[in-house]
Amino acid sequence: MFWKKWRHRSTDDLVIQMKILAKDYGVKIIWFADENFAADRDVAKELLEKIIEADLGLSLNLNMTAADVVRDADILPLYKKAGVDYIVMGVESLKDDVIVDIRKNNPFEISKQAVRLLRENNIISLTNIIYGLEEESWKTLFEKFKGMLELDSDILNAMYLTPHFWTSDGKSTDPRNIIQQDLAKWSYRNQVIATPHLKPFELFLGVKLTEALYHLRPQALLRLAFHKDQRYLQIMRDSMLTGIRVVFAEIWEFLFDTKFSPQGSTEKIPGQPNKNIESSPLILEQLPISQKN
């Protein structure tokens, strides 16, 4: 069940499947669907060594915590040699008090250290920052922008707090504050929860300005033009071009394909199953006789 059970996979089996993808299907990029690739350092190290031995020529993207990046500082060259080009870190917030509230183990100083270590190893750092963890205002947007400049990651991925019903945020969110009922928009790139100090258009404008100013800062442009690692240059330039297309698509979507519901009109978290679904006759009919009683 999603988010309920941990599933272990053999490193040997995983490398075999990667070989099939690369050689039989021409796959060149693999993004591991693991929220924390390096949760077990020994297993991660073993997998990286086997990927290097297999020599697949793949570009690998991983999700890791900033704390694990710092912990693995001594084997980051191994990550690079295995083909790891992107490491995505869920920094979430740049304020330590907010980090504590959401039970994350990545203080701001740890996040900065992780970005620095990745840069030293020519691995692109993509940091997720969530808007909506605090009562957003023009002041908080500016504070986030200043914090991102200090963090200095390669790519900023601006996300919105999205209260899926199976998450702690979903359980703690008042449904009356939900202003986006279309689950197709619950992609973390669209506003779902109302902000008391900013209208949806104001928050959207603030986030897009942050993204644009951040990625066009002189320091970033200099790296984009003169970075010493050719693989880094190629991937970052491709990423920037893709990002520009995404931004224009999101602007069009917001202006012409997004409708918000009035605050207070939502009675339950969209997508949440009915509480009486367990006692549904249809469900009971599908159970073995021994489980009906």
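Annotations for the structure displayed:
- Once you reduce segment 122-138 and segment 175-222 to the center of their Cα atoms, the two points are 10 Å from each other.
- Net charge dipole, the chain: roughly 320 debye, given to the nearest 20, about the Cα centre with Cβ charges of +1 for Lys and Arg and -1 for Asp and Glu.
- Cross-link partners of LYS95 among lysines, defined as those whose alpha carbon lies under 16 angstrom from its own and excluding same-chain residues fewer than eight positions apart: LYS104, LYS112, LYS139, LYS144, LYS146.
- Å³ per residue enclosed by the Cα convex hull of segment 32-120: 87 Å³
- The string of couplings for segment 144-153 from the Karplus curve (6.51, -1.76, 1.60, θ = phi - 60°) is 5, 4, 5, x, 5, 4, 6, 5, 6, 6 Hz, one whole number per residue in order, with x for Gly and Pro.
- Charging the Cβ of each Asp and Glu at -1 and of each Lys and Arg at +1, and nothing else, the dipole of segment 201-254 about its Cα centre rounds to 360 debye.
- Stokes-Einstein D for segment 70-129, Kirkwood Rh over Cα pairs, 20 °C, 1.002 mPa s (µm²/s): 178 µm²/s
- Length-normalised contact order of the chain in % [C-alpha pairs under 8 Å, at least 6 apart]: 14 percent
- Helix-only [θ]222 nm of the chain, DSSP H runs n ≥ 4, -39500 (n - 2.57) each, per residue, nearest 500: -14500 deg cm²/dmol
- DSSP-defined beta bridges in segment 11-273 - what % are antiparallel, rounded to 5: 10 percent
- Contact order, relative form, for segment 1-109: 24 percent (alpha carbon pairs under 8 Å, 6 or more residues apart, mean separation divided by residue count).
- Positive-end ranking of VAL100, THR65, THR258 along the dipole of segment 11-273, with charges on Cβ about the Cα centre, is headed by THR258.
- Equivalent ellipsoid semi-axes, the chain, via Cα gyration tensor eigenvalues times 5, rooted, Å: 33, 29, 18
- Histogrammed with a bin width of 5 Å, the alpha carbon distances of segment 1-160 distribute as 1, 8, 17, 20, 17, 14, 11, 6, 3, 1, 0 percent, first bin at zero.
- From the alpha carbon centroid of segment 54-76 to that of segment 8-42 is 13 Å.
- Under the convention that each Lys and Arg Cβ holds +1 and each Asp and Glu Cβ holds -1, the size of the dipole of segment 42-198 around its Cα centre is about 300 debye.
- Dipole of the chain [Lys/Arg +1, Asp/Glu -1 at C-beta], most positive-end residue of ILE87, PRO200, ALA39: PRO200
Read the figures in this text as sums done on the coordinates, not as results from a lab. The structure presented is a predicted model; accordingly, all values stated were derived computationally and were not measured. With ideal geometry, Cβ positions are generated from the backbone for all residues, glycine too; neighbour counts draw on all protein chains shown.
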